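What follows is a short report on a single structure.
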Amino acid sequence: MSDEQPSNGELGRLIQSLRSEVREDLGLLNGRLDKVVSMERYSLEQQARDEALRQIVERVKAIESARDQEDRDRREAEQKAADRRAADRRILFSALIAPVLMLLLTLYLSAQGATA
């Protein structure tokens, strides 16, 4: 045999070496695959996350809706209070000031009639 071609023993050792390297690589690959999440589990986790997000969005919308309703109620109460104050001023005018003005007018006219 020539020097360029490996002997059967060398070929056997090379094949054995390659086999052991392939086994090591497969072992590393299996180790990595053990850490990978299955598609079913990923899908379930995604659905759970989506459901949790949907619930959070609903809660935020409910809170915003309640806050908006409180603001409307507060503005309505303020408007009612302002209307009540305006009505109270009208009542005060008609109950106190108008009679006093009428009395003053009557006194003035009486004084004018007495002097004439």
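Laboratory data are not the source of any read-out in this text; all were calculated from the coordinates shown. Just so you know, these numbers come straight off a predicted model, no measurement behind them. Because the Cβ atoms are built from the backbone with ideal geometry, glycine has one as well, and the counts that use them run over all protein chains shown.
Tell me which label goes with the value of semi-axes √(5λ) of the Cα gyration tensor in Å computed from the coordinates here: [x] 24, 16, 13; [y] 40, 12, 11; [z] 108, 14, 6. Only one listed value fits the structure, namely [z]. Scanning the chain for DSSP H helices at least 24 Å long along the axis (C-alpha atoms) with a Kyte-Doolittle mean no lower than 0.0 picks out 98-115.
Considering only P6, Q69, A87, the residue lying farthest towards the positive end of the dipole of the chain is A87, judged by Cα position with unit charges set on Cβ. Approximating the spin labels as points 7 Å out from Cα along Cα→Cβ, the K80-to-M39 distance works out to 6.1 nm.
About the Cα centre of the chain, what is the dipole size in debye to 20, counting +1 per Lys and Arg Cβ and -1 per Asp and Glu Cβ, all else neutral? Write out the running numbers ahead of the final one.
Numbers: 19 positive and 21 negative charges, 258 e Å.
It works out to roughly 1240 debye.
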